[in-house]
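What follows draws every value from the coordinates through simple rules; no lab data is involved. For clarity, every value in this text was computed on a predicted model and none was experimentally measured. Positions of Cβ are backbone-derived with ideal geometry, glycine not excepted, and every protein chain shown enters the neighbour counts.
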Amino acid sequence: MTPDTPATGGRQLAQFNVARLHEPLDHPDTAEFVDALDEVNALAESSPGFVWRLVDEEGRSSSYVTAFDDPLMIINMSVWTSADALYHFVFRTAHAAFLRRRREWFERLGEAILVCWWVPAGHHPSVEEAMERLADLRANGVTDRAFTLRSRR
């Protein structure tokens with residue numbers, strides 16, 4: 001199955017991305033980003049093709065899930081019915097306005113920050129699984145095992 005094909009045969013698209021904040025989540029310079037999390041997550045959840053998203057133990061955004069020793073590193077993970085559905089949400093909804101402003105809140109990292117892969121329908125990937133996929137993308141480039149939205153083949 002190619003990355004731009006809607007999920008068939010009981011498969012869905014998982015996405016995982018990482019970012020490093022300039023300042024902690026509770027810092028005033030990050031407040032506008034943090035204040036938009038609930039709105040953007042609600043938009044994702046109401047978007048066609050949305051299946052699931054990672055939340056912390058309190059039900060908050062995955063930005064509060066600890067995945068790195070570095071407290072400025074945050075994560076996001078979700079599952080979608082297709083790459084097209086995820087692409088539409090990321091680049092064609094109000095989410096895109098926040099994406100365009102990412103440099104206000106996040107450092108530029110010199111390596112891949114987003115990875116996509118196919119999962120069986122109903123599977124909610126673990127953070128460990130996602131980190132392995134991101135490491136695979138960083139080490140091996142785009143493959144059927146780990147790819148990006150922009151590298152659809």
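What to note about this one:
- In terms of surrounding Cβ atoms within a 10 Å radius of their Cβ, 50, 68, 89 rank from fewest to most as 68, 50, 89.
- Between residue 58 and residue 127, the distance separating the two model label sites (each 7 Å from Cα on the Cα→Cβ line) works out to 1.5 nm.
- One chain, two ends: residue 20 and residue 104. Fully extended at 0.36 nm per residue, the span grows by 29.1 nm beyond their Cα-Cα distance.
- Mean separation of Cα contacts under 8 Å, 6 or more apart, over the residue count of the chain: relative contact order %: 35
- Rounded to the nearest 20 debye, dipole of the chain from Cβ charges on Lys, Arg, Asp, Glu: 900
- Only one item in (i) 8, 17, 13, 11, 11, 10, 8, 8, 7, 6, 0; (ii) 11, 42, 38, 9, 0; (iii) 11, 39, 35, 13, 2, 0 matches P(r) over Cα pairs in 10 Å bins from 0, in percent derived from the coordinates shown, and that item is (ii).
- Label-point gap, in nm, between residue 88 and residue 66 - each point 7 angstrom along Cα→Cβ: 3.9
- Taking other C-beta atoms within 10 angstrom as a stand-in for reagent exposure, 105, 80, 52 fall in the order 52, 105, 80, fewest first.
- Choice from 122, 141, 110 with maximal GNM fluctuation in the chain (Cα, 10 Å cutoff): 110
- Estimated 222 nm signal from helices in the chain, with DSSP H stretches of n ≥ 4 weighted -39500 (n - 2.57), rounded to 500: -9500 deg cm²/dmol
- Exposure proxy order (Cβ contacts within 10 Å, fewest to most) of 46, 78: 46, 78
- By average C-beta atoms within 10 angstrom, highest first, the peptides 17-23, 92-98, 112-118: 112-118, 17-23, 92-98
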